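The values are calculated or read from the model by the stated rules, or taken from the named source; none is laboratory data. All values derive from a computational prediction rather than experimental measurement. All Cβ positions, glycine included, derive from the backbone under ideal geometry; neighbour counts span all protein chains shown. What goes into the accessible areas is simple: the full protein's heavy atoms, side chains included, and nothing from ligands, DNA or RNA. Shrake-Rupley method; radii C 1.70, N 1.55, O 1.52, S 1.80 Å.
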Amino acid sequence: MRRRSEWRSPGRVAEMSEALISMGSNVDRDVMLGRAMRAMRQHPGMIVLATSAVYETAPVGGIDGAPDFYNAAVRVSTDLDPTELREQLRLIESRLGRVRTGDKYAPRRIDLDLSLYGNLTEAFEGWELPDPELVKYSHVLVPLAEVAPGWIHPTEGVTLDELTDKVVAEETELVRRAPDALRRIVPSDGRFSVDFEADPGEVYDPEMESLVRNLLVNVGEDPEREGLLRTPLRVAKALDFLTSGYNEDLHAVINNAIFDSEGATEMVVVKDIEFYSMCEHHMLPFFGKAAVAYLPKGKIIGLSKVARLVDHFARRLQVQERMTNQVADSIVEVMAPHGAAVVMAGHHLCMMMRGVQKQSSAMITSAMRGTFKSDARTRSEFLDLIRD
Ligand code: ZN
């Protein structure tokens, strides 16, 4: 699996645009939307911000007996330009087995169409933005309006929500929402809930699930016995959540929670931040508490965002030393303070379960930046403050 830790490292600040992508499938439709979703989530050039419910629609073009479609929409943040983004969507389509033919009404495994890119209006070779289909068909527009109701259509001059009323009123064949279980093909908010349960009939990630099934066989288990039947699905969900830091953008995590310090120059300390991560050597959990401090230079950050920064770096495969440094460096990057300091105390299951480490002893790591490094008094003030 491709990973994007470098791409999303704090040092890289890219120019981001938002885009809307329309999805459709009427061959293997129960699994294709989920797989396309996953491919987009893992793509280094896209951050999935929101996904719609799945809608079921009769095919356009009036072909008798053609299977009904599932349609959905995705809102992404991207640093690809429109042509690159469209190319990457085509690549995902062909990886998922789509063969494009001249027949635009032919049944297809997966369709990923770039519908809107910011407020761009432009004709490219053989395609254009906005996609003209979105003002014609409710199966395209309704899911798009669900993920971006207030998005103003650049040529119509009204929001997608307002446009929906108009398009739906003119169409005879209305879209209908697919059965509820299908909504869960895609996580509804683009991030991952902590719901690791398996619903009846739920489809999540067939590829990952088959890898986990193989893993079960290889450890000597029978994946067909009752207790394990839905385990591959639950593991796929759990792993998605536990590694969701890879798919987040640091700046989206902070989400404008940086404020003017209004002259405050006192040290800010946030301690007892719980973290849960997985060691990259054994993929076993390590967990503990972090203390984060900085000396403001004009800017302060919302307290809850400090904990979110720690989560951002914890939810991936890690070593504790690197995670400590990454949190300190990200504080420096987003606030440019006089100095920053991070101390983490972690318990590592890969050692505890083997009896290598005494159950009670924690591994301590620290990272000092700026004045915390150069000034012994600042450093000891911080260390005094976090002492229990
Ligand atoms: Zn380990």
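Structural remarks
- Neighbourhood charge, 9 Å Cβ-Cβ cut-off, centred on Ala257 and excluding it, Lys, Arg +1 and Asp, Glu -1: +2
- Å² per residue, accessible surface of segment 250-386 at 1.4 Å: 48
- Using the Cβ of Ala293 as centre and a radius below 12 Å, the other residues enclosed give a net charge of 0, where K and R count +1 and D and E count -1.
- For Arg35, solvent-accessible area (1.4 Å; no DNA, RNA or ligand), Å²: 50
- Charge dipole of segment 250-386 about the Cα centre (unit charges at C-beta), most positive-ward option of Gly288, Phe372, Ile386: Gly288
- Simple spin-label estimate for Val319 and Glu87 gives 3.6 nm between the two label positions (7 Å along the Cα-to-Cβ direction from each Cα).
- On the basis of the beta-carbon distance and an R0 of 51 Å, Asp165 and Val219 show a calculated FRET efficiency of 0.40.
- Listed pairs Lys136/Lys237; Lys289/Lys373; Lys166/Lys237; Lys271/Lys299 exceeding 27 Å between Cα atoms: Lys136/Lys237; Lys166/Lys237
- Sulfur and carbon atoms: percent of accessible area, segment 250-386 [1.4 Å]: 55
- Spatial separation of Cα centroids for segment 299-342 and segment 225-290, in angstrom: 11
- Protection proxy ranking of 68-78, 118-128, by the mean of other Cβ atoms within 10 Å over each peptide's residues and highest first, is 68-78, 118-128.
- Using R0 = 22 Å, the C-beta based FRET efficiency linking Ser361 and His282 works out to 0.75.
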